Structures are given as structure tokens and as C-alpha cells.
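First the structure, in the form of C-alpha cells, and then the observations on it.
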Amino acid sequence: MRTRAELTNGTWKVHGQKIWTSYARESDYGILLARTDPESKRQQGITCFAFPMQQAEGRLEIRPIRQMDGRATFNEVFFDGAEVPDDHVIGEVGGGWAVAITTLMNERTNLSTGLGTLWGDGPTLADLVSLARGTELTPMQRQKVANLHIVSEAIRLTAYRMLSTNGTAASVTKLAADRWGQQVNELALELLGMDGLVMDDRGWQRAFLFAPALTIGGGTTEVQKNILAQRVLGLPRER
Ligand SMILES: Cc1cc2nc3c(=O)[nH]c(=O)nc-3n(C[C@H](O)[C@H](O)[C@H](O)COP(=O)(O)OP(=O)(O)OC[C@H]3O[C@@H](n4cnc5c(N)ncnc54)[C@H](O)[C@@H]3O)c2cc1C
């Protein structure tokens, strides 16, 4: 991590950049991780801040990134002397990595609940079922709908169980729910047939185009599998 923050007279000044910042243009605050000990390496010497997105002219630039679903919820953010008051530090100075891990675990648990197919947003399984009811289904398609319902129940109940267990299990629901979200959207497009080629108010086309992001954002599928293997199953680290 090369974005850095230096403390002068009770104010941290931030220099650096960060890509893939969701909703940076709509937010009042962002979660900022910056290196506050220039001599430190890797996860050491990083501090977490509640970063005010309203900054004086020229100190913060937010460049939107156009996505293939037509929206621009992502941004690249450039810090050029952006200011954060010292009392906006979250946790200990230099202890930002622990804050980041806790935040990510909460993000994974909250996003991947098996409700809306796009991290709680977008079309739902109920929308797919109502689409399926109005479509002449092949036997395979009927089985796919039933299977998606079964998986959705398993994800929902696992998410409840995780409320009282250790946070690393968040990787379980994230792994299951994100692929499930993609499968719901893939099946919807299959059922729409030629209608699936044109954007309409039902939102399936846009959801289908966003769905590949599910297994990347909040930590990729491969990284979740590593966490699950090492921290939940106790398998040896990969070489
Ligand atoms: C919709 C969406 C919203 C996002 N919002 C935000 C946001 O608000 N703030 C923010 O900071 N970031 C955000 N991100 C970024 C996201 O967290 C990263 O894209 C994600 O963690 C992957 O990191 P990376 O892009 O650096 O890919 P990399 O880590 O470079 O991964 C590239 C590929 O290598 C694989 N890989 C990496 N390490 C390993 C390993 N050890 N073993 C096996 N395979 C591996 C990955 O699985 C992937 O396929 C968002 C991303 C998406 C898609």
C-alpha cells in the first residue's frame, strides 16, 4: 500500500490513489486505509480513517469508471493533500489492518444473504419464480429453478447461523450466495430467450451484466476459498 497519511497539527494529510471505490461520488464519508508509518511493510503501519468526501478544491479528485451494465458506480479516487481530522482515526494508529479485516468480514456477511441476487439488491428468486411460472419450461429448467430455491434456503439459514459463530465463516455464505446470484440471473436470461437481448424494466439484463462482479467484489472466490481452507478447515497454507 502506497497511499500515505502524515499528521501535522492535528490533521492528517493524505496523498495517493485508490481504484474501485464504490459510490465515492454519493458518499459523505469513505473508509480510508493509508500507510502512516513510511518504514513499515505489508500489513504493519497502516491506519484506518473515516474520510470526509467533501474536501477543499483540488485536494480530492473522483473519476467515475463506466461499467458494462451501463452504470458508473465505481470510481478511481486521487488524494492530493486531502485532510482528515485526527479524531477520525478508527481504532489505533498503525492498527488499521485489524479494522480492515473486521470490516471486510462484516461486508461479506451483509452482502451475501441470499435475498436480492445482487448482494441484496436487484431481482430476487421470487422474481425468477414468477418469470418461470409464465414460461413454458423444459424439465431441466424446472429442476434448475427448484435447485436455486433449495440453495437459497441453505444460504439464508447459514447466514442466520453465522450471527452466533466466528466471522471467518462469512466466506461460506459469500462463496455460495455469489455464484447462486449469477446462476439466478443466467437462468432468467435463458428463460427470456430473445427478449433477454433488449433492456427492459424487469432489470434482468442489467443484473446479468453486473453479476460477474459478484465473485470479485468484497474478495474474489479464489481468495475466499483460501480463507476457508486455512482458517476454517485448518489446511496448510498454499505455497
Ligand atoms: C462490484 C465491486 C465493487 C467493489 N467495491 C470496492 C470498494 O468500494 N472499495 C474497494 O476498496 N474495492 C472495491 N472493489 C475491489 C475489490 O475488492 C477487488 O477487485 C477484489 O478484492 C480483487 O482484488 P484485485 O482486483 O486486486 O484482483 P487481484 O487480487 O489482482 O486478483 C486477480 C485474480 O487473481 C486471483 N488471485 C489473487 N490472489 C490469489 C491467491 N492467493 N490464490 C489464488 N488466486 C488468487 C483472484 O481470484 C483473481 O482471479 C470492488 C470490486 C467490485 C467488483
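List of remarks:
- Screening the candidates Thr21, Thr36 for the property of being under 21 Å from Leu214 (Cβ atoms), touching a strand residue (DSSP E or B) at 6+ places or on another chain (Cβ under 6 Å), buried (at least 18 other Cβ atoms within 10 Å of the Cβ) and of a type in the set (Ser, Thr, Tyr) yields one hit, Thr21.
- Of the strands (runs of 3 or more DSSP E) that lie entirely inside segment 1-120, not one contains 1 or more residues that are out of contact with any Lys or Arg (no Cβ under 9 Å at 6 or more places or on another chain), away from the ligand (no atom under 16 Å from the Cβ) and within 30 Å of Thr173 (Cβ to Cβ).
- Pairing residues of segment 63-76 that are assigned by TED's automatic domain parsing to the domain that holds Ala213 and on the phi < 0 side of the Ramachandran plot with residues that are surrounded by 15 or more Cβ atoms within 10 Å (Cβ to Cβ) and in a strand (DSSP E or B), at Cβ distances under 9 Å and at least 6 apart in sequence or on separate chains, gives no pairs at all.
Results for (1) farther than 25 Å from Leu104 by Cα; (2) in contact with a Lys or Arg (Cβ under 6 Å, 6 or more places away or on another chain); (3) surrounded by 18 or more Cβ atoms within 10 Å (Cβ to Cβ), shown as yes or no for each residue.
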| site | (1), (2), (3) |
| --- | --- |
| Val145 | yes, no, yes |
| His149 | yes, no, no |
| Val172 | no, no, yes |
| Trp204 | yes, no, yes |
| Glu222 | no, no, no |
| Lys225 | no, no, no |
| Leu228 | no, no, yes |
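- Being free of Cβ contacts under 8 Å to residues at least 12 places away in the same chain and within 20 Å of Asp86 (Cβ to Cβ) is a description that does not apply to Thr36.
The values are calculated or read from the model by the stated rules, or taken from the named source; none is laboratory data. Treat the numbers as computed from the prediction; the structure is a model and nothing was measured. Here the Cβ is made from the backbone with ideal geometry for all residues, glycine too, and neighbour counts use every protein chain on show.
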